[in-house]
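Peer 1: Have a look at this one.
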Amino acid sequence: QVQLVESGGGLVQAGGSLRLSCAASGSTFSSYAMGWFRQAPGKEREFVAAISWSGGRTDCADSVKGRFTISRNNARNTLYLQMNSLKPEDTAVYYCSAVRRSYYSTAVDDYDYWGQGTQVTVSS
C-alpha cells in the first residue's frame, strides 16, 4: 500500500499562490491514479483535481478551473497542486488521495489511500 504526506499549505492573501506537494512512499507511485480533495469546516469533502497514473489525463472542479493545476513526477514519487489566484472560499484542509488503477475518479469513495491533509487559509 502507499503512504501519502502532504506539504506546502499555509496562510496567503487573496490573489496569491501556493504549491501543494504530496510525497508518496511504500509502493510504486506510477501504479496509482491520484486526486486532490478539500474539506472546509462544516462541509463535506469535495473534489478539486485528479490525474491518471501516467499524468496524461487530468480533470479539475469547475470552481478551480483556470486557477489550479494538478501534475505529478513519477520519478520523484510526488504529486503537485499549483494554486493561483486564490480566493477566501478556497480555504480548507487539502488532502491527496490514491487509487491503484490507471484512470482517476472525482468521487471521494473511489480512493483507497489518503494523506493527513494540509491547511490552506486565504485571507481577504
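Peer 1: With the requirement that a residue be assigned to a loop (DSSP other than H, G, I, E, B), closer than 17 Å to Tyr111 by Cβ and polar (S, T, N, Q), what does the stretch 41-68 give you?
Peer 2: Ser52
Peer 1: Another question, then. Hey, can you tell me all the residues within the stretch 69-99 that are farther than 12 Å from Ala50 by Cα and in a strand (DSSP E or B)?
Peer 2: Asn73, Thr78, Gln82, Met83, Ala92, Val93, Tyr94
Peer 1: Starting from residues that are farther than 14 Å from Val2 by Cβ and of a type in the set (Gly, Ala, Ser), keep the ones in the stretch 73-102 and report whichever is least open to solvent (accessible area, probe 1.4 Å).
Peer 2: Across the stretch 73-102, the extreme among qualifying residues is Ala92.
Peer 1: Output the residues belonging to the stretch 14-37 that are surrounded by fewer than 22 Cβ atoms within 10 Å (Cβ to Cβ) and not in a loop (DSSP other than H, G, I, E, B).
Peer 2: Pass one, the stretch 14-37, residues surrounded by fewer than 22 Cβ atoms within 10 Å (Cβ to Cβ): 14-19, 21, 23, 25-28, 30-31.
The answer is Leu18, Arg19, Ser21, Ala23, Ser25, Ser30, Ser31.
Peer 1: Same structure, new question: Given the criterion more than 12 Å from the chain's Cα centre (by Cα) and open to solvent by 50 Å² or more (accessible area, probe 1.4 Å), identify the matching residue among Ser52, Ser63, Ser105.
Peer 2: One residue alone meets the criteria, Ser63.
The values are calculated or read from the model by the stated rules, or taken from the named source; none is laboratory data. Source: prediction; values computed, not measured. Here Cβ is always computed from backbone atoms with ideal geometry, including for glycine, and neighbour counts include all displayed protein chains. These area figures cover heavy atoms from the full protein model, side chains too; ligands, DNA and RNA do not enter into them. Shrake-Rupley method; radii C 1.70, N 1.55, O 1.52, S 1.80 Å.
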